[in-house]
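For reference, the structure discussed in these notes is given below.
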Amino acid sequence: MNKSKPLRGPLLCWDIYGMHLAEQSINFNKQIEIDFLKAYKNKFGWVLNIEKLITENDFEALVLTDFNQEIKWVSKGFTKMTGYPANFAKGKKPNFLQGKDSSEEAVKSIRVSLKADKPFKEEIINYKKNGDAYKCEIKIYPLKDESNKTTHLLALEKQIT
């Protein structure tokens, strides 16, 4: 008499598969962002290796501005991090995220660093759409064309604790 035993799998297999799917989703979104920025790179002749920049840095959100700091594009991560939809942010300057607890010293440091026309990193208190404050690390990269003229700025942002 052969009793059949129920098949059993490791309890964590769905968790592992779920983590795999989440990682694939992140990679898919990064590839969309890379492809979008590569199209801009070709249009404006940027010399910076966008793909390397995106893949080698840790960030939650991307913000692309023109030289005058007017937002031209934000990633989906920007909306997730701040609560502001892309169509609201476009045309504004990133300082709309600042508020009463945003350090004047940090704001001044950002202005000085932008004038230096070199990559830099800064931390600042920003505000979400719902009014909640969050500490944000911003890495800003001037995007220069072949004649070394900065045409745009790319900010890689992440919330820090």
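Can you name every residue in region 92-102 that is open to solvent by less than 50 Å² (accessible area, probe 1.4 Å), without any contact (Cβ under 8 Å) to a residue 60 or more places away in the chain and of a type outside the set (A, V, I, L, M, F, W, C)? Across region 92-102, the qualifying residues are G99, S102.
Select, from N126, N148, the only residue that is in contact with a helix residue (DSSP H, G or I) (Cβ under 6 Å, 6 or more places away or on another chain) and modelled with pLDDT of 95 or more. The conditions single out N126. Looking at region 107-120, I want the residues that are touching a residue at least 12 places away in the same chain (Cβ under 8 Å) and have a partner that is surrounded by 14 or more Cβ atoms within 10 Å (Cβ to Cβ) and acidic (D, E) with Cβ atoms under 7 Å, at least 6 apart or on another chain. Which pairs are those? From residues that are touching a residue at least 12 places away in the same chain (Cβ under 8 Å), the pairs are S109/E122; I110/E122; S113/E122.
Here is a yes/no grid of residues against (1) closer than 30 Å to G131 by Cβ; (2) open to solvent by 30 Å² or more (accessible area, probe 1.4 Å):
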| residue | (1), (2) |
| --- | --- |
| Y40 | no, yes |
| E51 | no, yes |
| D58 | yes, yes |
| K76 | yes, yes |
| T82 | yes, no |
| P85 | yes, yes |
| K90 | yes, yes |
| V107 | yes, no |
| K118 | no, yes |
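The values are calculated or read from the model by the stated rules, or taken from the named source; none is laboratory data. Because the structure is a prediction, the values reported are computed rather than measured. Heads up, the Cβs are rebuilt from the backbone with ideal geometry, glycines too, and the neighbour counts pull from every protein chain shown. Please note that ligands, DNA and RNA were not included when accessible areas were found on the heavy atoms of the full protein model with its side chains. Shrake-Rupley method; radii C 1.70, N 1.55, O 1.52, S 1.80 Å.
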